[in-house]
Amino acid sequence: MNHSGRPIASGLVVEHVSPTELYQVLIDACSQNTIQVQASSKRLKDMLDMLGTFDALYEIAAERTVALPVRQQAIIQFKNAALSHWKSRKLLSDEHRVRIRSRCLTFLEEPDETIAECNEVIVSKIARQDYPNNWPTLINDLLGVVDSNLNKRYSSPQEDPRDTLMLRRGLKLLNGILKEFSGMKMLSGVKVMANIVEQLRVLLSNYYSKMTPSFSPDIINVQNIGSPRIYDEILLTHLVYKTLTKMGIWLWNRIDKLSDEERHKNQTWISELFQASSIQLPKLVQIRKELILTLIQRGSTDDFPRRSTDILSRHIRAFGKFFRRLQQLSHARFVNLPMCGDLILFYWSQVVEATGGATENISDSNDALYPVRFLVQGMVLFKENLAQWTPVRRDGTANKNSLSKEFVDNAVRMLVTRFMPLNPTDLGNWMADPEEWVNLEDKENDQWEFEIRPCSERVLMQLSNQFHTFVTPLLTTMFNELAPQRPNDLVGVIQKEALYCAIGRCALRLKDSIPFEQWLEHTLVTEARDPNPSYPIIKRRIAWLIGKWVSESCTSPSNPKVWEVLVHLLQDRGEGTDAVVRLTAATSLRECIDTLEFVPDVFTPFLPATVSELVRLIGEAETMESKRRVDTTLNTVIEQAGTRIIPFVPIITEPLPQIWNSAEDDWLFKASLLVTVTKLVESVKEQSTNLGNIVVPLIRESLLPGVIVHLDEDGLGLWLTALRNTMTITSVNGAPALYDLFPQALSLLATNLDLLGKINSIVESYLFLDALGILQAFSLELFNSYTAAFKSDAATLNLKDMLISLSLLLQIAPSSLWGESLHTSGLFAHLLIKLIEGESDATLLTHHIFFFSRLVMADRQMFLQLMSVTAAALGQKDSYLYEGLLDQWWGKFDNMSEPRHRKLVGMGIAALVSTGRTEVLQRLPTEIFNLWLDVFGEIKEVQADLAALESSEQEVSPTSLKRFWELDEAPAAYYQDTEGTPEYERRKAVYDRDPVRTVQLSAFVGAHVREAEALCGPQAFQAYLSKADPTVLSQVQNELLRG
């Protein structure tokens, strides 16, 4: 093996690959010997990190004398590994890249499809990075191959298979390159794509013009449809057309960004392409239809004709994809394209024509006379273009091109009777796997553009919206004719189900024409209880229908019959029903409950049955997706029921552990179960204190290693909700306690940046519940965790929130429980230095000052001790720390806008003055006096007579302080969305006894100034005051006298 190396820019010596060894490893990887395969796979993985491996792999893949499996393995490995490291100087030299690029087009003669398809990906991806700068000849070289082989094909009656192969490979490769560049958003890539389009569009248009005469009944007919030349002709034309439309769509999407000249030129070309496509499509459809009919009549099973009809079907669908994409990107421009209206009506004529034949003529197969995908394309195009044919335009004028009433009526009848009814395949899938079927039905919004039944429903809705004066009376008439009937045969049941579907889809248009409540009471209630074995079809649609009408505010959920029917369908397990009905009823219940008009009192009589049946259905459902859908309904019921759910808590919680364990690794369902318990806690509020036996284990399990990455958000949500609603963190009746989880909160606080915001809220909730108990047990651990979090790369928002939490801690716990730990953990020193450095966000620094204000107000002596030991620990003089602190205190004052914050800082500096520190008193006559005067000027408050206050609307504090500067309530951010929970009251109690709200500022400042004077002596104190501006001093004294 060659161990020689070459230095690269980083100074490393990289090992060169041995081509001989690499070849042998690939041979071993393709052997039937399991041991050899395993060893070679391991070695190949190592060799992919060697210089020259990618070049050698591509060389082996290009060598036709090598065994095919080895070549396939080589190019697959190259595709999977090399493209993501194409720019790597460690693995590829410039010489390697040149050699690889030079081999790319040699694969155009490759007979093996696997190798050729891999090479198309490889060339396209390399082109994205290297064309045109490092590979300027790529497009020209490729065009040379395509052009020469195309000319040979059409200039000679004889077909050379090699020429056809190269032409097919070349066109596929060109299409792949265009696909890569058309998806680029960077300006450089857009410019390259523009140049490619400019180079190719006329040339490829000429190719297509040369090829399309072959599409005639004289050339493509049942006699020669099986010939390889016809197949190749269709395939090659299809590839050219795909490339053309890719360029057309790209230009169409960017046409508004072009200059006037460029826009006109490209608009003309796109219009010509669209018009040519519109003319060509009916011809292709007719040719295909005649071929399919003849082949069906002959009962042909030959694969060769089927290959040709298959590619012809795909070619026809490529037209529809082109038209649909243009329509999606700009409907306004699309309707103005030449022949657009005729094209859409042609598509619709095919839909109409398809209903005139046998049902088996329509299927999702390229062998069908009317392939479903083709019909769906036509329906979607028709639906999106209906607005241009409405009777009245948007400006109120009559539309001369409006569709007639007869046309619309026929369209509606056709949709409701032919395309919307359930077909045998639907019913077969229903019976084979009911849960999977109903889950797919619930996803219909994602699939309607691809499946004929949901697509026909959307077409009906659009017809109803655009032609409501025609559609509403027609559907009302159909309703009056069919709704009272009680069909017993399957055909009648299916047709009635389709009508019910139409009534649900067009609810907004029909709500004033159909007496829903009367229909519900006299018909739907009866049908919901009918034991007819075919009636699950109708019952499922009844449940769905009620959900639609209620959720779209077309009928009121205050009607008890709504709940009577839905709860019956949910719990019925007799004849004439099944799991699909129950699952649909569960979904409809959620839709009806989760509305603004929902009245809990009306629903309350049905609550016991609803809860028990939903829990039962979760247990009965076989798939996790079905369980999750039912659980989502249960969550909505719990949320909307509020405290009414309390009697049913055991019904919900008792089976939860078993349901949780059965979910195993289905994280979506487990997350839903966590939401269930969260909603339950929110609803029962303080009574959730007794739910420790279910809440604590679920939180613990959701935060286990390997699980937390899936359930962190919902697990933490439950944890926080439980803390906010409980009355204690200790054990109740021997159940696991929230207190036991606190160490995990500290661990996450210190280590998990992604969850920091939520974890900090959790810690804060613990402190509101039992700050004394928490600090007695975990004081040092708590501050160590906060120190780690502050020293991390946490976002500024999280840092600010943590400072707010620490400030609250200082308010609710005595300094004896936090002073020493604040120092030992290094948190005090860290926060002080960060403030002194002043390099953080200004808002964040103001919160540092709020924290230090709270600290010095809480215990001045503790503050002095912390400053002293911190100075010693940092090797700094005390004065350095005090000066830096005071500089920021004054310097950031103007960044504080809220009155309560400015008062807090004023009180904090007063407490600091009372310490008698020289550094502080020296600033008293200047910065501190100015700061106080600013606050005095803004903060208007007086001590008032308590009796007088109680008779007024002004909020009364425990000290009868009348605050003119304060709003009636704390800022919303203070309560952290805890309204309605016990934590709200805990927060309010802390807020109400906050000295900032209960103590008059002038009195507070005056008392602390007098303390300072007593400490340093009257004479020394007067020396400080003598340096003040007389006017300023007089103003301060006047304010203090008022206190």
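Coordinate-derived values only; no laboratory data. The structure presented is a predicted model; accordingly, all values stated were derived computationally and were not measured. FYI the Cβ positions are ideal-geometry reconstructions off the backbone, even for glycines, and counts take in every protein chain you see.
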Compute the FRET efficiency between Thr728 and Ser349 as 1/(1 + (r/R0)^6), taking r as their Cβ-Cβ distance and R0 = 45 Å, and round to the nearest 0.05. 0.05
When Lys and Arg each count +1 and Asp and Glu each count -1, what net charge do the other residues less than 12 Å away from Leu284, Cβ to Cβ, add up to? +4
Would you give the gap between the C-alpha center of region 560-580 and the C-alpha center of region 90-137, rounded to a whole Å? 63 Å
Which whole-number percent gives the relative contact order of region 198-389, counting Cα pairs below 8 Å spaced six or more residues apart? 23 percent
Kindly express, to the nearest 10 degrees and within the range 0 to 90, the angle between helix 405-414's C-alpha long axis and the longest C-alpha principal axis of the chain. 90 degrees
Fraction of the pair-distance distribution of region 613-722 above 17 Å, Cα-Cα pairs, percent: 48 percent
Tell me the net charge near Asp364. Cut-off is 9 Å between Cβ atoms, Asp364 excluded, with +1 for each Lys or Arg and -1 for each Asp or Glu. 0
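For Val408, what charge total do you get from the other residues with a beta carbon under 14 Å from its beta carbon, if Lys and Arg give +1 and Asp and Glu give -1? It would help to have the intermediate numbers written out before the result.
Numbers: positive: Lys383, Lys405, Arg413, Arg509; negative: Glu406, Asp409.
Spelling it out: positives minus negatives among the neighbours equals +2.
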For Glu15, distant residues with modelled amide H under 5 Å away: Leu51
What do you get for the angle between helix 94-104 and the principal long axis of the chain? Use alpha-carbon atoms, 0 to 90 degrees, nearest ten. 30 degrees
Can you tell me, using C-alpha contacts under 8 Å and at least 6 residues apart, the relative contact order of region 415-502 as a whole percent? 43 percent
Figure the gain on full extension for Thr523 and Asp395 (residue separation times 0.36 nm, minus the Cα-Cα span) and round it to one decimal in nm. 41.8 nm
What's the long-distance tail for region 458-555, i.e. % of Cα pairs beyond 21 Å? 27 percent
Taking a virtual spin label 7 Å from the Cα of Leu440 along the C-beta vector, which residues in region 615-649 bring their backbone nitrogen under 19 Å of it? 622-627, 629
Quotient of Cα Rg and 2.2 N^0.38 Å for region 198-389, N being how many residues it contains: 1.06
What number do you get for the chain when its Cα radius of gyration is normalised by 2.2 N^0.38 Å, N = residues? 1.26
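Arranged from highest to lowest average of other beta-carbon atoms within 10 Å per residue, in what order do the peptides 662-675, 865-878 appear? Each step should come with its number before you reach the end.
Values: 662-675: 18.4, 865-878: 14.9.
Averaged packing, sorted descending, gives the order 662-675, 865-878.
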Relative contact order for the chain using alpha-carbon pairs under 8 Å, separation at least 6, rounded to a whole percent? 4 percent
The chain - charge dipole about Cα centre, Lys and Arg +1 at Cβ, Asp and Glu -1, debye rounded to 20: 2920 debye
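Helix-derived [θ] at 222 nm for the chain: sum -39500 (n - 2.57) over DSSP H runs of at least 4, divide by residue count, nearest 500?
Per the formula, -21500 deg cm²/dmol.
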With only Lys, Arg, Asp and Glu charged, each at its Cβ (+1 for the first two, -1 for the last two), find how big the charge dipole of region 312-437 is about the Cα centre; round to the nearest 20 debye. 800 debye
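Which loop-located trypsin sites (Lys or Arg not before Pro) does region 66-140 contain, where loop means any DSSP state but H, G, I, E or B and the Cβ has at most 11 other Cβ atoms within 10 Å?
Those satisfying the criteria are Lys87.
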Of all DSSP beta bridges having both residues in the chain, the percent classed as antiparallel (nearest 5) is 70 percent
Rg/Rh for region 744-896 to two decimals, with Rh computed the Kirkwood way over all alpha-carbon pairs. 0.94
